[in-house]
Amino acid sequence: MALLEVKDLQVEFPLGRKTLKALHGVSFSLEKGERLGIVGESGAGKSVAAFSILNLLTRPGRISAGEVRFEGRDLSKLSADEMRQIRGNRISMIFQDPMMTLNPVLTIGTQMIECLKAHRDISDKEAKELAIARLRDVMIPSPEKRMDSYPHELSGGMRQRVVIAIALLTDPSIIIADEPTTALDVTIQAEIMSLMLDLCKTNNVGLILITHDLAVVSQVTEKMIVMYAGRIVEQGETQDIINNPKHPYTRGLIKALPQENLPGARLNQIRGSMPSLDAIPVGCAFNPRCDFADENCCKNLPELAGPIAHQAACTKIDTLPEFTAVGARK
Amino acid sequence: MMPLFIRLIRSEMMEILQMDYVRFAWAKGLNPARVYFLHAFKNTLLPVVTVGGVQVGTMLAYTILTESVFQWPGMGFLFLEAVNRVDTPLIIAYIIVVGLIFVVTNTIVDLIYTWVNPTVKLVGQKS
Ligand SMILES: Nc1ncnc2c1ncn2[C@@H]1O[C@H](COP(=O)(O)OP(=O)(O)OP(=O)(O)O)[C@@H](O)[C@H]1O
Ligand SMILES: [Mg+2]
């Protein structure tokens, strides 16, 4: 049995008279120590999927169907107390913007120690030592001094390191990282990413990595999911998908990478933009933007098909031309 | 003054409960009391302290009104009498005392500020 199993998850936002559906049945699973990437355009529902795992959706969002199983337990059936013992303890989260995730009026130390004390029966002194050890793991210089600092005294990269340290404090089995490097300077993105990867590997922590960066996904993860308009359109082993994408949307994403294009040439792009939640086209949601769409695509919704190691939700997989990268891939 | 504070705290709280750091506090698995009273409430104190300082001043000014309406013998009433009698020394004394109270409350507000908001540092204070 997988460590985390998400089955046919559906999320909706009741807004006044109409109800917006943000996820239409998303399923995936994660084994111990495994790393899963979730990619997709803005608005595809990646964050919604991540937050619904820990049941932290912003109101009025709610899980309308499906289940999330962690170590075999259905999380929706847990009491508030039991759920709290999973949040931050067994499953941690890292948010996108480190400028906003740390509370501006509390010291780093307070914010670390409170997390430990919420889940462990330990003294202040032990908690402090553990916190300092974690700060050292994420390579923060003079961690003892940093314990008394406020978030505004640290740079963005440092703050994200602190957030990572907090996520790792309780030795969780899974970390969910929602675009952990998007808000950072490009020069430190790679540094933070490799730090995260190292720490996950050494502590055997599972990682769900949400990102826009396909290069990062291919370097860090073993499995990946491509999302479009609240559905999974392709999933499987990362290398397989990157080298041989089946769904036209995934192909578009990969072709749009700068390194796929010759220097000086116009960058490829997928025409059009993602539909809003109240205007998702009938049939395959991608059909208005797809170069290969036909009548059938505008009527019937394709299901994920193919071997578990690489599935795509497209009825025309077999008839699509062979995928060829434009430029040389590194 | 109470209703004003309650409304202010309420609207601030609504806003702050949407912030990422409150969501992060939930994600850390803290108990609700700690999230509400420490993480969220401490952030609402900032505007409350600011408004509170100004309110003390307003309250002082309105004593003149309340005291003359209800014929209470107080500082405001005394001041009004003094104006009627053109008792200049008393008027001056009153203004000095009120001015002093203003200065003192505002200094206290500034001091509280550094406590609730760590980004504010008074000059000369060691970080
Ligand atoms: N609180 C909310 N109320 C209404 N709709 C919401 C709410 N939160 C998210 N949505 C909708 O859910 C959809 C998915 O949003 P989500 O934040 O998961 O996108 P995302 O894939 O994480 O995008 P990004 O890459 O920009 O982070 C969006 O269309 C958004 O409008
Ligand atoms: Mg998001």
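The values are calculated or read from the model by the stated rules, or taken from the named source; none is laboratory data. Small disclaimer: the values here were computed from a predicted structure and weren't measured. Glycine also receives a Cβ, built like all others from the backbone with ideal geometry; neighbour counts cover every protein chain displayed.
Looking for something aliphatic (A, V, I, L, M), in contact with an Asp or Glu (Cβ under 8 Å, 6 or more places away or on another chain), within 11 Å of chain B (Cβ to nearest Cβ) and surrounded by 14 or more Cβ atoms within 10 Å (Cβ to Cβ) - is there at least one such residue anywhere in the stretch A:128-141? No, the conditions are met nowhere in the stretch A:128-141. If I filter the stretch A:95-110 for residues that are within 20 Å of the chain's Cα centre (by Cα), at pLDDT 90 or above and assigned to a strand (DSSP E or B), do I get at least one hit? No: the stretch A:95-110 contains no residue that is within 20 Å of the chain's Cα centre (by Cα), at pLDDT 90 or above and assigned to a strand (DSSP E or B).
Hey, any hits in the stretch A:258-278 for a residue that's more than 16 Å from ligand 1 (Cβ to nearest atom) and either within 14 Å of chain B (Cβ to nearest Cβ) or under 20 Å from the mean Cα position of the chain (by Cα) (or both)?
So in the stretch A:258-278, the residues more than 16 Å from ligand 1 (Cβ to nearest atom) come out as A:258-269, A:271.
Cutting the leftovers down to either within 14 Å of chain B (Cβ to nearest Cβ) or under 20 Å from the mean Cα position of the chain (by Cα) (or both) gives us none.
Scanning the stretch A:258-278 turns up no residue that is more than 16 Å from ligand 1 (Cβ to nearest atom) and either within 14 Å of chain B (Cβ to nearest Cβ) or under 20 Å from the mean Cα position of the chain (by Cα) (or both).
Hey, does the stretch A:101-116 have a residue that's of a type outside the set (Phe, Trp, Tyr), closer than 22 Å to residue A:47 by Cβ, in contact with a Cys (Cβ under 7 Å, 6 or more places away or on another chain) and surrounded by 22 or more Cβ atoms within 10 Å (Cβ to Cβ)? Within the stretch A:101-116, none of the residues are of a type outside the set (Phe, Trp, Tyr), closer than 22 Å to residue A:47 by Cβ, in contact with a Cys (Cβ under 7 Å, 6 or more places away or on another chain) and surrounded by 22 or more Cβ atoms within 10 Å (Cβ to Cβ). Does the stretch A:2-19 contain any residue that is within 16 Å of ligand 1 (Cβ to nearest atom), surrounded by fewer than 17 Cβ atoms within 10 Å (Cβ to Cβ), more than 14 Å from chain B (Cβ to nearest Cβ) and at pLDDT 90 or above? Yes, the stretch A:2-19 has at least one match.
Matching residues to (1) modelled with pLDDT under 90; (2) more than 14 Å from every other protein chain (Cβ to nearest Cβ):
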site: B:19; (1), (2): no, no
site: B:31; (1), (2): no, no
site: B:34; (1), (2): no, no
site: B:54; (1), (2): yes, yes
site: B:61; (1), (2): yes, yes
site: B:102; (1), (2): yes, yes
site: B:117; (1), (2): yes, no
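Considering only residues in the stretch A:180-195 that are touching a residue at least 40 places away in the same chain (Cβ under 8 Å) and surrounded by 20 or more Cβ atoms within 10 Å (Cβ to Cβ), the one that is nearest to ligand 1 (Cβ to nearest atom) turns out to be A:180.
Each row is one residue, and each column tells you yes or no for (1) farther than 29 Å from residue A:5 by Cα; (2) within 16 Å of ligand 2 (Cβ to nearest atom); (3) within 14 Å of another protein chain (Cβ to nearest Cβ); (4) touching a Phe, Trp or Tyr at 6+ places or on another chain (Cβ under 6 Å).
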position: A:151; (1), (2), (3), (4): yes, no, yes, no
position: A:154; (1), (2), (3), (4): yes, no, yes, no
position: A:177; (1), (2), (3), (4): no, yes, yes, no
position: A:233; (1), (2), (3), (4): no, no, no, yes
position: A:239; (1), (2), (3), (4): no, no, no, no
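Residues of the stretch A:185-213 that are within 16 Å of ligand 2 (Cβ to nearest atom) and either modelled with pLDDT of 90 or more or within 22 Å of residue A:322 (Cα to Cα) (or both): A:208, A:209, A:210, A:211. Right, residue A:67: away from ligand 2 (no atom under 16 Å from the Cβ) and part of a strand (DSSP E or B) or not? Here the answer is yes, as residue A:67 does meet what is asked.
Picking from residues in the stretch A:70-108 that are of a type in the set (Lys, Arg) and more than 7 Å from chain B (Cβ to nearest Cβ), the one that is nearest to residue A:51 (Cα to Cα) is A:90.
Hey, can you tell me all the residues within the stretch A:111-122 that are part of a loop (DSSP other than H, G, I, E, B) and either within 14 Å of chain B (Cβ to nearest Cβ) or at pLDDT 95 or above (or both)? Reasoning before the result, please.
Within the stretch A:111-122, the subset part of a loop (DSSP other than H, G, I, E, B) is A:120-122.
If the condition is that a residue be part of a loop (DSSP other than H, G, I, E, B) and either within 14 Å of chain B (Cβ to nearest Cβ) or at pLDDT 95 or above (or both), then A:120 is the only one that fits.
Among the residues that make up the stretch A:37-60, is at least one of them modelled with pLDDT under 90 and touching a strand residue (DSSP E or B) at 6+ places or on another chain (Cβ under 6 Å)? Yes - at least one qualifying residue is present in the stretch A:37-60. Note on the stretch A:34-68: residues that are more than 16 Å from ligand 1 (Cβ to nearest atom) and within 25 Å of residue A:199 (Cα to Cα) amount to 2. Scanning the stretch A:188-221 for residues that are more than 20 Å from residue A:167 (Cβ to Cβ) and in contact with a helix residue (DSSP H, G or I) (Cβ under 7 Å, 6 or more places away or on another chain) yields A:214, A:218.
Quick one: is residue A:180 closer than 28 Å to residue A:22 by Cα and under 17 Å from the mean Cα position of the chain (by Cα)?
On the way: closer than 28 Å to residue A:22 by Cα: yes; under 17 Å from the mean Cα position of the chain (by Cα): yes.
Criteria met by residue A:180.
So which residues in the stretch A:24-63 are within 11 Å of ligand 2 (Cβ to nearest atom) and not in a loop (DSSP other than H, G, I, E, B)?
Those that are within 11 Å of ligand 2 (Cβ to nearest atom) and not in a loop (DSSP other than H, G, I, E, B): A:38, A:46, A:47, A:48, A:49, A:50, A:51.
Show the residue pairs that are 6+ apart or on different chains and have beta-carbon atoms under 8 Å apart, the first residue being within the stretch A:16-43 and touching a residue at least 24 places away in the same chain (Cβ under 8 Å) and within 24 Å of residue A:253 (Cα to Cα), the second being within 11 Å of ligand 1 (Cβ to nearest atom) and hydroxyl-bearing (Ser, Thr, Tyr). Here the result reads A:23/A:52; A:37/A:211; A:38/A:211; A:39/A:211; A:40/A:228; A:41/A:228; A:43/A:276, each pair linking the stretch A:16-43 to a residue that is within 11 Å of ligand 1 (Cβ to nearest atom) and hydroxyl-bearing (Ser, Thr, Tyr).
Evaluating residue A:125 against the criteria (1) surrounded by 17 or more Cβ atoms within 10 Å (Cβ to Cβ); (2) more than 10 Å from chain B (Cβ to nearest Cβ) leaves one unmet condition, (1). There is at least one residue in the stretch A:174-182 that is over 17 Å from residue A:97 (Cα atoms) and in contact with a strand residue (DSSP E or B) (Cβ under 6 Å, 6 or more places away or on another chain). Do we have residue A:229 as away from every other protein chain (no Cβ under 14 Å), of a type outside the set (Val, Ile, Thr) and either on the phi > 0 side of the Ramachandran plot or within 16 Å of ligand 2 (Cβ to nearest atom) (or both) here? Answer is yes for this residue.
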